[in-house]
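The next block holds one structure in the form of structure tokens; read it before the comments.
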């Protein structure tokens, strides 16, 4: 006797249908990155066909009305603010992560974690408002201000990844180190950090990528003005993402302007995809090593 | 004193200092926004739309942006949920653990989550041009949905991973298939975590400005159509701060306070719900 006779009809049909729909949605998500690369490339193509890539990336002449679209000053601006941000966020973030995972009491850790999550949840525009009210009076609308605000925005991702990676270091090797007479810090320096450094590199890369693409907060505090090559940290900087956000509205009226701006978005996309692929591959490898024992 | 002890103490002090700076910066941000914003906040801002000359310092409020953001956020979260939920169940119930496809999908979700929102905005813009859409609520919803799909999917994925395999086996042993197990067993068990993931993504969508700049546009009117531009709170803050008038700028601070308060409320709610409803813990 076939037991299926007693079951409600169509159950397997539903399961199969659901499986196909789910698979389709997975393929959609998987293809999203390709769609983005392809879509932006298509829109940036007109300018790539008209101007040599070298001029577009390494010339500082940005005069859309005269048909000059050199992105160099914006790329320099991006490099300035991200370098400053990383100079602040990397040491502070790593030290905080070590403190929270190695020294802090469990209750301190449970208190700090939601706060750091909250830091990640605050709107970029609110960071910008904070920067304008609290940081600009000290350092002006400058690359330094942009870097400070970006550093705070990069804290959560750096801290959470470093803490996660430190957690994967087996407890036994810490014990072995202590048993040999090492102090807590020596154990951290020679055992934990030695084991965790690829993950820490990944955290830095991902934090860097976050700072690299952040737009609104930087647009509000870095003093984005045209034709400036920042020479010191107190000079205004005009990073790439801010350029994209700022030129919306005027770009449709000038030929090639929209292509130039979308080329900037395309460059940003490629760079962040590259950073993220490197960062997440490192973390994936750590996770698999851990799972494999 | 022992040199090792001195080194230990130096680094411990540095670590304490760093933690203080990180946590202190959050306190600093919240204090700045609350102190500056509270002074300029009044009821008119919450219940009126901008009248002519609002951005020159005349009267009105930002109800258009508050409502616009909420509607856009709800729409985008709903759309993202329609994609995320099936993808997470497929990842966790239909695929074998550590299958190549699952690994690739998770990797791509992580990479997508790292793409800046301005790039999503630019992509949404090319998408609009391609389909002949104008800056509108619909275009904004689609773009923000794309932006939060990776965040939502990955955080739900972490929740589903934590559910013990035995629960599934018990369900299969009773004759349920994977779809039935997904909906009737796993979904219920994971519900608090799923709600948290949804709320976090909602908050992220609400606060983002760079993605809606190109796609949702801006308007002084209340949202009334999917195909018309819509005002959003982050952009309202940005525009008010960009004016040269101190009184409008301080309204920008008040608007930042409103946005921060909404986001704080959402994250407290998320935390509360996930604690309150995590019963029958396994």
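Some notes on this structure:
- In this structure, residue A:277 does satisfy being at pLDDT 95 or above and at the interface with another protein chain (Cβ under 8 Å from one of its Cβ atoms).
- Sole exception among (1) without any contact (Cβ under 8 Å) to a residue 40 or more places away in the chain; (2) closer than 21 Å to residue B:223 by Cα for residue B:73, by number: (1)
- Within the option set B:236, B:190, B:231, being crowded, with 23+ Cβ neighbours inside 10 Å and either within 12 Å of another protein chain (Cβ to nearest Cβ) or part of a helix (DSSP H, G or I) (or both) holds for one residue only, B:236.
- When B:10, B:29 are checked against the criterion of being more than 16 Å from residue B:236 (Cβ to Cβ), facing chain A (nearest Cβ under 9 Å) and surrounded by 18 or more Cβ atoms within 10 Å (Cβ to Cβ), a single residue qualifies: B:29.
- The stretch B:106-140: number of residues that are at the interface with chain A (Cβ under 8 Å from one of its Cβ atoms) and assigned to a loop (DSSP other than H, G, I, E, B): 3
- Screening the stretch A:265-274 for residues that are more than 17 Å from residue B:150 (Cα to Cα) and surrounded by 24 or more Cβ atoms within 10 Å (Cβ to Cβ) and picking the one that is nearest to the other protein chains (Cβ to nearest Cβ) gives A:265.
- Flag if residue A:74 is assigned to a helix (DSSP H, G or I), within 13 Å of chain B (Cβ to nearest Cβ) and in contact (Cβ under 8 Å) with a residue 40 or more places away in the chain: yes
- Screening residue B:163 on (1) under 20 Å from residue B:105 (Cβ atoms); (2) in a loop (DSSP other than H, G, I, E, B); (3) at the interface with chain A (Cβ under 10 Å from one of its Cβ atoms) shows it passes everything except condition (3).
- Some residue of the stretch A:84-92 being over 30 Å from residue A:231 (Cα atoms) and in a helix (DSSP H, G or I): no
- Flag if residue B:157 is under 30 Å from residue B:50 (Cβ atoms) and away from every other protein chain (no Cβ under 11 Å): no
- Residue match in the stretch A:40-59 (condition: more than 9 Å from every other protein chain (Cβ to nearest Cβ), closer than 30 Å to residue A:193 by Cα and touching a residue at least 24 places away in the same chain (Cβ under 8 Å)): no
- Within the stretch A:77-94, the set of residues being within 9 Å of another protein chain (Cβ to nearest Cβ) and free of Cβ contacts under 8 Å to residues at least 60 places away in the same chain comprises just one member, A:91.
- Residue B:65 crowded, with 17+ Cβ neighbours inside 10 Å, closer than 21 Å to residue A:23 by Cα, more than 8 Å from chain A (Cβ to nearest Cβ) and in contact with a helix residue (DSSP H, G or I) (Cβ under 6 Å, 6 or more places away or on another chain): no
- Restricting B:151, B:183, B:141 to residues that are surrounded by fewer than 21 Cβ atoms within 10 Å (Cβ to Cβ) and farther than 12 Å from residue B:89 by Cα narrows the list to B:151.
- Scope the stretch B:32-55; condition at pLDDT below 90, within 14 Å of chain A (Cβ to nearest Cβ) and surrounded by 14 or more Cβ atoms within 10 Å (Cβ to Cβ); matching residues: B:40, B:41
- If you filter the stretch B:79-105 down to residues that are out of contact with any helix residue (DSSP H, G or I) (no Cβ under 8 Å at 6 or more places or on another chain) and more than 9 Å from chain A (Cβ to nearest Cβ), you find that the one that is modelled with the lowest pLDDT is B:97.
- Scanning the stretch A:128-143 for residues that are more than 7 Å from chain B (Cβ to nearest Cβ) and crowded, with 24+ Cβ neighbours inside 10 Å yields A:128, A:131, A:142, A:143.
- Entirely in the stretch A:154-264, the helices (runs of 4 or more DSSP H) that have 2 or more residues that are in contact with a helix residue (DSSP H, G or I) (Cβ under 7 Å, 6 or more places away or on another chain), more than 9 Å from every other protein chain (Cβ to nearest Cβ) and over 30 Å from residue B:7 (Cβ atoms): A:216-221, A:240-246
- From the list B:242, B:217, the lone residue that is over 18 Å from residue B:67 (Cα atoms), over 17 Å from the mean Cα position of the chain (by Cα), within 13 Å of chain A (Cβ to nearest Cβ) and modelled with pLDDT under 90 is B:242.
The values are calculated or read from the model by the stated rules, or taken from the named source; none is laboratory data. Worth saying up front: this structure is predicted, and the values here are computed from it rather than measured. Every residue, glycine as well, gets a Cβ built from its backbone with ideal geometry; the counts of neighbours run over all protein chains shown.
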